[in-house]
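Enquirer: Let me give you the structure first, and then I'll get to my questions.
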Amino acid sequence: MTKKFNIAVFHGDGIGPGIMGPTVKILTQMADASSGYDLIFQDAPAGAAHYAKTGESLPDASMDTARNADAILLSAMGLPDVRYTDGTEISPQIDLRKALTLFAGVRPVTVRKGQRTPLNLPAGKEIDFVLIRESTEGLFHSQGRGAVTDNEARETLLITRDISEKLFRFAFDLAQTRKQAGRGPGKVTCVDKANVFRAFAFFRELFDAEAAKHPDLTSDHAYVDATALWMVQKPWDFDVMVTENMFGDILSDLGAGLMGGLGLAPSADIGLDHAVFQPCHGSAPDIAGQDLANPFAMILSAAMMLDWLGIKHDNAAIRADGKRLRETVEDVVASGTYLTRDLGGTAGTDKAAGAVLDALFVS
Ligand code: ATP
């Protein structure tokens, strides 16, 4: 019997619905054409516009839909003008991360031949690494609860054994999967500041303990400041990098910069049982409703979802479609014909997404 996967869909705010629509269309057509799996989409209303209308940003029913789904597809959420009464922004994606313990923030950074990048890549060099950002603790632990007096301000960084062990196991498993797929040498780099902070020496110790369990993979360490330098000077040297929440927050934007901007940067937040797939960028209210949004980061996030479902459920058909979708987007970007304005082109959102659909089914 064909395996059916339930996908919770958060359409988001601003440009969110405009990039989610064509993404769901692509996924639907891929599933329809496959005899190996089926996708059932369930809308989960949430976000800033929903809050403005109903007073709820993440209704219980939507949380239940997410919790019961096989995977969660989420478009950009939040609007600068819509805030809770305490002034903070509406971000159901962060609520989901906490509620579902999605500790591994996965940020792939790829630059293929023909793709624009601010770097002057030596001939024949491509970039293909994954940054894993711990997403539930670190310096974000005391988010919203920092202690501030007239004379000083304090925030607390938290590193736990439990989450770190899960995080490092995930990182080495990912390096193994990539090695098997011919996408990397099977190397994991622990990015920290162990020369200055005891918390990071602890982080590194736990990393080394996990590394010792994987004699078929290699591992090394790098300080976060040097990593920022090397990401610019020799990014092709990285395979899988794993780091603390705040360091990962900063380095993942640097990674998006290497790819020519946020419009091509997909992401996943993964835990032991659940996973959310969403573009790295925000809801871009400045261009919402003008058919200017680049849909590729959203579509690449959907490709990551297919890949993750395929690995988790040992389903070769859905995994193959994840690879096909990613490679098709890379080809469309490299061809340069249907690029949106942020990538230097003139295509609108639907045209760019339509080029992916045509490349999948027409050619
Ligand atoms: P957030 O804090 O919610 O992540 P942000 O302040 O980082 O949001 P974004 O909404 O990501 O901001 O937008 C930053 C800039 O990038 C804006 O000028 C926006 O128009 C542009 N941008 C973001 N995403 C896209 C996209 N998919 N296509 C085209 N331009 C985009």
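Enquirer: At most 15 other Cβ atoms within 10 Å and a DSSP loop assignment: could you name the GluC sites (Glu not before Pro) in the stretch 134-170 that fit?
Expert: Values: sites: E134, E137, E152, E155, E165; in loops: E137, E152, E155.
Qualifying residues, ordered by number: E152, E155.
Enquirer: Report the charge-dipole magnitude of the chain in Debye, nearest 20, computed about the Cα centre from +1 at each Lys and Arg Cβ and -1 at each Asp and Glu Cβ.
Expert: Details: 35 positive and 47 negative charges, 170 e Å.
In debye, rounded to 20, the chain gives about 820.
Enquirer: In whole angstrom, note down how far apart the Cα centers of the stretch 296-363 and the stretch 216-230 are.
Expert: Measuring centre to centre over Cα atoms gives 30 Å.
Enquirer: Considering only protein heavy atoms, what per residue accessible area in square angstrom results for the chain with a 1.4 angstrom probe?
Expert: Numbers: 16230 Å² over 363 residues.
Result: 45 Å² of accessible area for each residue.
Enquirer: Ranked from highest to lowest mean number of other Cβ atoms within 10 Å per residue, what is the order of the peptides 283-290, 267-274?
Expert: Numbers: 283-290: 16.2, 267-274: 19.9.
Final packing ranking: 267-274, 283-290.
Enquirer: For K351, give me every one of the aspartates and glutamates with a C-alpha distance below 13 angstrom, ignoring sequence neighbours fewer than eight places off in its own chain.
Expert: D291
Enquirer: Would you mind checking K113/K234; K179/K323; K25/K98; K166/K213; K25/K323; K98/K187 for any pair whose Cα atoms are more than 20 angstrom apart? Mind dumping the intermediate values first?
Expert: On the way: K113/K234 16 Å; K179/K323 15 Å; K25/K98 29 Å; K166/K213 13 Å; K25/K323 17 Å; K98/K187 29 Å.
The answer is K25/K98; K98/K187.
Enquirer: Assuming R0 = 41 Å, what is the FRET efficiency of H313 and D253, from their Cβ-Cβ distance, to the nearest 0.05?
Expert: Working: r = 32 Å, r/R0 = 0.79.
The formula returns an efficiency of 0.80 here.
Enquirer: May I pose another question? Of the chymotrypsin sites (Phe, Trp or Tyr not before Pro) in the stretch 190-282, which ones lie in a loop per DSSP and count no more than 16 other C-beta atoms within 10 Å?
Expert: On the way: sites: F197, F200, F202, F203, F207, Y223, W230, W236, F238, F247, F277; in loops: F197, F238.
Loop-located and lightly packed - F197.
Enquirer: Tell me the label-point distance for the pair D216, Q290, using the 7 Å Cα-to-Cβ offset, in nm and rounded to one decimal.
Expert: 5.1 nm
Enquirer: Still on this structure, please answer the following. Just the number, please: carbon plus sulfur as a percent of the accessible area of the stretch 134-259, 1.4 Å probe, no ligands or DNA/RNA counted.
Expert: Numbers: 3320 of 6280 Å².
Roughly 53 percent, rounded to a whole number.
Enquirer: Also: Taking the Cβ of P295 as the center, what net charge do the other residues with Cβ under 13 Å away carry, scoring Lys and Arg +1 and Asp and Glu -1? Each step should come with its number before you reach the end.
Expert: Working: positive: K25, R341, K351; negative: D291, D342, D350.
Summing Lys and Arg as +1 and Asp and Glu as -1 gives 0.
Enquirer: Oh, and also: Tally the DSSP beta bridges in the chain and give the antiparallel ones as a percent, rounded to 5.
Expert: Details: 20 of 47 bridges.
Antiparallel bridges: around 45 percent, rounded to the nearest 5.
Enquirer: Compute a Gaussian network model of the chain, connecting alpha carbons closer than 10 Å, and tell me which residue from T85, T110, T349 fluctuates the most.
Expert: T85
Enquirer: Just need the relative contact order of the stretch 134-259 here, percent rounded to a whole number, with Cα pairs under 8 Å and 6+ apart.
Expert: On the way: 161 pairs, mean separation 39.0, N = 126.
About 31 percent, as a whole number.
Enquirer: How much length is gained if the chain between E205 and T54 is pulled fully straight, taking 0.36 nm per residue apart and subtracting their Cα-Cα distance, in nm to one decimal? Don't skip to the end; give the middle numbers.
Expert: On the way: separation 151, 0.36 × 151 = 54.36 nm, distance 4.76 nm.
Answer, rounded to one decimal: 49.6 nm.
Enquirer: Any chance you could run the full-extension gain for D237 through K125? It's 0.36 nm times the residue separation minus the Cα-Cα distance, nm to one decimal.
Expert: Working: separation 112, 0.36 × 112 = 40.32 nm, distance 1.02 nm.
Between D237 and K125, full extension yields 39.3 nm more.
Enquirer: For the chain, what does the relative contact order come out to in percent, with C-alpha contacts under 8 Å and a separation of six or more?
Expert: Details: 712 pairs, mean separation 73.8, N = 363.
Averaging sequence separation for qualifying contacts and normalising by length gives 20 percent for the chain.
Enquirer: Then there's this: Between D225 and F197, what is 0.36 nm times their sequence separation minus the Cα-Cα distance? Round to one decimal in nm. Show your work: numbers first, answer last.
Expert: Values: separation 28, 0.36 × 28 = 10.08 nm, distance 1.38 nm.
This chain segment gains 8.7 nm when fully extended.
Enquirer: Could you calculate the FRET efficiency of T101 with A153 from 1/(1 + (r/R0)^6), where r is the beta carbon distance between them and R0 is 30 Å, rounded to 0.05? If you can, show how the numbers build up before the last one.
Expert: On the way: r = 28 Å, r/R0 = 0.94.
Once the sixth-power term is evaluated, E becomes 0.60.
The values are calculated or read from the model by the stated rules, or taken from the named source; none is laboratory data. All figures in this text were calculated on a predicted structure; none of them were measured in a lab. Ideal geometry is used to build each Cβ from the backbone, glycine not excepted, and the neighbour counts take in all protein chains shown. The accessibility values were calculated without ligands, DNA or RNA, using every heavy atom of the protein model including side chains. Shrake-Rupley method; radii C 1.70, N 1.55, O 1.52, S 1.80 Å.
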